[in-house]
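Data first, discussion second: the structure below is written as structure tokens.
The values are calculated or read from the model by the stated rules, or taken from the named source; none is laboratory data. This structure is a prediction, so every number in the text was calculated from the model and none was measured. Note: ideal-geometry Cβ built from the backbone for every residue, glycine included; neighbour counts use all protein chains shown. In case anyone asks, the SASA skips ligands and DNA or RNA and just uses the protein heavy atoms, side chains included. Shrake-Rupley method; radii C 1.70, N 1.55, O 1.52, S 1.80 Å.
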Amino acid sequence: MFTIIVAENYDEASHEAMKLVRDVLRKDRPVLGLTAGSTPIGLYKEMIEGYQSGELSYRNVRTWNLDEYIGLDRSHPQSCHTYMREKLFDHLDIPQENIHIPNGDAEDPEAECERYEASLQDVTIDLQILGLGTDGHIGFNEPGTPFESLTHVAELTEQTRRDNAHYFGGNIELVPKKAISMGLATVMRARRVVVIATGTAKANAVYNMIKGPMKSRCPASALQAHPRLTVIADKEAAQRILF
Ligand code: GLP
């Protein structure tokens, strides 16, 4: 079952996503699944505004992030750790110990994947927030990733590295080749999933996610089997599913 919300523009898409976050924040001990990328920045701004206006508190919120590059120190400007601090956590009252992000600098990445998956063993993410890669990836679950995958070491495709090169001064060589990513089965365990997609570059991925066959060549198509999926797309990203 899925719901599609077509937003007028990026700000409206962020605002729609914030409504879902607000629902979750009404719980006693909310658990949010978070993502990096340019897509959720508007949502994170609204989350921060809610705190700064005194309306929302994140003191009881626990978060798990989707992924982290392998080989970047956590203080590297392009690490997910740095992104999350700068774009969200530094501006909220969330306790440090409530924040979970894979350690991409671990000596043994495979062991880190197991540790991360185990940290989610007794936890159910109330709302998993997702962006969408232009090739249909979620987290760093690239095309070909099995639907039953758990947290794993992922090889980034050329396209993903190209898409993310602008964060690394436009130099694809500086984009890591591997990452630790929650798996598709890990994501599917969330109580509710929201995919936010904006801009024409995401139109094919949105189409394949919702209308395409459930095949690992479009990892996001796994979400068709999720009982509570909301897709928030602006008109550009939704252009292929509207007609
Ligand atoms: C990246 C991340 C994803 C993100 C996606 C889209 O590679 N690993 O978690 O959702 O690509 O990124 P953006 O929001 O910048 O378009």
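A few points about this structure:
- Looking at the range 1-48, the GluC sites (Glu not before Pro) that sit in a DSSP loop and have at most 14 other Cβ atoms within 10 Å of their own Cβ are E8.
- When all protein chains stay in place and ligands, DNA and RNA are ignored, the 1.4 Å accessible-area order of D11, D23, D234, largest first, is D11, D23, D234.
- Among Y116, P30, W64 - extreme Cα towards positive end, dipole of the chain, charges at beta-carbon: P30
- Its Cα centre serving as origin, the range 54-146 has a Cβ charge dipole (Lys and Arg +1, Asp and Glu -1) of approximately 380 debye.
- Treating each Cα of the range 2-242 as an identical point scatterer and summing with the Debye formula, the log10 of I(q)/I(0) at q = 0.14, 0.15, 0.17 Å⁻¹ comes to -0.88, -1.03, -1.37.
- Residue-wise HN-Hα coupling along the range 194-208, computed from phi with Karplus coefficients 6.51, -1.76, 1.60 (Hz; x: Gly, Pro): 10, 9, 10, 9, 9, x, 4, 4, 9, 4, 5, 5, 5, 4, 5
- Applying 1/(1 + (r/R0)^6) with R0 = 45 Å to the Cβ-Cβ distance of R26 and L174 gives a FRET efficiency near 0.60.
- Restriction of the trypsin sites (Lys or Arg not before Pro) in the range 155-231 to DSSP coil positions whose beta-carbon has at most 15 other beta-carbons within 10 angstrom yields K177, R191, K211, K215, R217, R228.
- Beta bridges by DSSP in the range 1-150, antiparallel share as percent, to the nearest 5: 10
- Computing Rg and the Kirkwood Rh from the Cα coordinates of the range 85-209 gives a ratio, Rg/Rh, of 0.96.
- Centroid-to-centroid, using Cα positions, the range 138-202 and the range 1-41 are 19 Å apart.
- Relative contact order (%) - criterion: Cα under 8 Å, at least six apart; region: the chain: 26
- A simple rule links phi to the HN-Hα coupling: the Karplus curve 6.51 cos²θ - 1.76 cosθ + 1.60 with θ = phi - 60°, which for the range 22-38 gives 4, 4, 5, 5, 6, 6, 5, 10, x, 10, 10, x, 10, 9, 8, x, 7 Hz, with x for Gly and Pro.
- Label-to-label distance, Q96 versus K215, with points set 7 angstrom from Cα along the beta-carbon direction: 4.8 nm.
- Applied to the range 146-151, the Karplus parametrisation 6.51 cos²θ - 1.76 cosθ + 1.60 on θ = phi - 60° returns per-residue 3J(HN,Hα) values of x, 4, 8, 5, 9, 4 Hz, with x for Gly and Pro.
- Simple point charges give the picture: +1 on the Cβ of Lys and Arg, -1 on the Cβ of Asp and Glu, and for the range 2-242 a dipole about the Cα centre of about 800 debye.
- The H15 and D122 beta-carbon pair, evaluated with R₀ = 35 Å, returns a calculated FRET efficiency of approximately 0.60.
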